[in-house]
Every structure is written in structure tokens, then in C-alpha cells.
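Student: My structure is below; once you've seen it, I'll send some questions.
The values are calculated or read from the model by the stated rules, or taken from the named source; none is laboratory data. Since the model is a prediction, treat every value here as computed from it, not as a measurement. Neighbour counts are summed over all protein chains in view; Cβ atoms, including those assigned to glycine, are modelled from backbone coordinates with ideal geometry.
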Amino acid sequence: MRHAGGLLENDGSIDFAALSLCDALDLAVLVEEEARERYEDLARLMDREETRDVASFFHTMIQIEATHEHRLGLRRRKLFPAEPARVRREHVFGGEAAVLERAHAGITARQALQLALEAERRALSFFEEAMAFAIDPEILAIFRELRGDEVLHQRLVLEQLAKYPEERHVEVVAHATSPSTKP
């Protein structure tokens, strides 16, 4: 049994083979919108933590995602101006919010970049899965393009991440003085 106009499988995952070109463009716009919003949240956190260079990087990523979102939205509106959207945000991002739930005040630059990388990797996996099931050549081309974008975004995040060494966790162990031990 399918849901949401035949777009969802019983488990709630998207049936990529059932997507129309309009659906694929709506999906692409939603993915770019979510990515832009994720980077906006991370940029705000880094601005608060006064980590200006990482905040600046996230602002750059916001512009990249917004450009993709705008371009895809224009294409969608040009090809399907009167067609209502069948793909909804909740169809796409059921588990994606978990990445940002771990973003919090006091987060380090490295941790924020790791969250961004995790989200980009999840997006890449999403588009690879979509490509495996897409039947229409135009839809496959959209997913292939978006997959390429995610590969580039991962590279950009990894370049930033390399600037921040791994954080060392120092465990403080209190040494108890036994009664027989004298200072």
C-alpha cells in the first residue's frame, strides 16, 4: 500500500521510481532549502561562539545552497507553474533533524563542522539511493547533479575541518590518598 499520492512506501520512504519530474524538482528544492536552513543554524551558533571563520564558511555555504534552491525552484515553476506539490518536507527529512538536534550552545568549531559533514554525507546517500531507483532519464540527471553537489560540499567541509585538530579529551582522575599514605 502506498501513501502520499503513490510517492511513499509502507515504511514511509520515498518510492523514487514513482516520482514525476515535477516531484523530483520539488524534492530537490526541499533538500536545498533544508541544507540552507541547517547552515543558517550552524552559522548562528558559530556567531554566538565568536568563531568567526567557521561562521563565515557557513555563510558561504548558505549562499551556495540558496543559489541551488533558487535555480531549481525557477526550473520547477517554469515547467510546472500550476502543478501542486506532492512531496512534503516530512517525506524527506524524517531522520535528518537528528543531526541538528546535537547542535547546542558551547559547540566547538570542529563539532559544528562534523555535524555539517554528517548531514552532507546523509544527503549524498539519499541521492545515491534515489539514483539507484530513478527510471526517468531527466529525473536521474537531477539526482546525479545533486549528488555531485553533495560531493563538492563534503570536500569543502573537509577542507575546513582540516583546519581544526581533533579535540583531545583529558580524563581527570582523582587519586585518593589512602590512610596509610602520608603526603
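Student: Which condition number does residue 90 fail, the rest of (1) at pLDDT below 85; (2) part of a loop (DSSP other than H, G, I, E, B); (3) under 22 Å from residue 23 (Cα atoms) being met?
Tutor: (2) is the only condition that residue 90 fails.
Student: Quick one: count up the residues across segment 120-131 that are surrounded by fewer than 18 Cβ atoms within 10 Å (Cβ to Cβ) and either aromatic (Phe, Trp, Tyr) or touching a residue at least 12 places away in the same chain (Cβ under 8 Å) (or both). It would help to see each step written out before you state the result.
Tutor: Step one: filter segment 120-131 for residues surrounded by fewer than 18 Cβ atoms within 10 Å (Cβ to Cβ), giving 121-122, 125, 128-129, 131.
Checking the rest, the ones that are also either aromatic (Phe, Trp, Tyr) or touching a residue at least 12 places away in the same chain (Cβ under 8 Å) (or both) come to 121-122, 128-129, 131.
Selection size over segment 120-131: 5.
Student: Can you give me the number of residues within segment 123-150 that are of a type in the set (Val, Ile, Thr) and within 15 Å of residue 32 (Cβ to Cβ)? Outline the logic, then answer.
Tutor: Restricting attention to segment 123-150, the residues satisfying the condition of being of a type in the set (Val, Ile, Thr) are 135, 139, 142.
With within 15 Å of residue 32 (Cβ to Cβ) added as a condition, the list becomes 142.
Going through segment 123-150 one residue at a time, the tally reaches 1.
Student: Follow-up. I'd like to verify a number: residues in segment 60-84 that are surrounded by fewer than 16 Cβ atoms within 10 Å (Cβ to Cβ) and part of a helix (DSSP H, G or I), how many?
Tutor: Our first condition is that a residue be surrounded by fewer than 16 Cβ atoms within 10 Å (Cβ to Cβ); within segment 60-84, this holds for 60, 63, 67, 70-71, 74-75, 77-79, 81-84.
Now restrict to residues that are part of a helix (DSSP H, G or I): 60, 63, 67, 70-71, 74-75, 77-79.
The number of residues fulfilling the criteria is 10.
Student: Somewhere in segment 32-41, is a residue modelled with pLDDT of 90 or more, assigned to a helix (DSSP H, G or I), within 21 Å of residue 113 (Cβ to Cβ) and of a type outside the set (D, E, K, R)?
Tutor: Yes.
Per-residue answers, yes or no, for (1) in a helix (DSSP H, G or I); (2) among the acidic types (Asp, Glu); (3) buried (at least 21 other Cβ atoms within 10 Å of the Cβ):
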residue: 113; (1), (2), (3): yes, no, yes
residue: 118; (1), (2), (3): yes, yes, no
residue: 135; (1), (2), (3): no, no, no
residue: 138; (1), (2), (3): yes, yes, no
residue: 143; (1), (2), (3): yes, no, yes
residue: 152; (1), (2), (3): yes, no, no
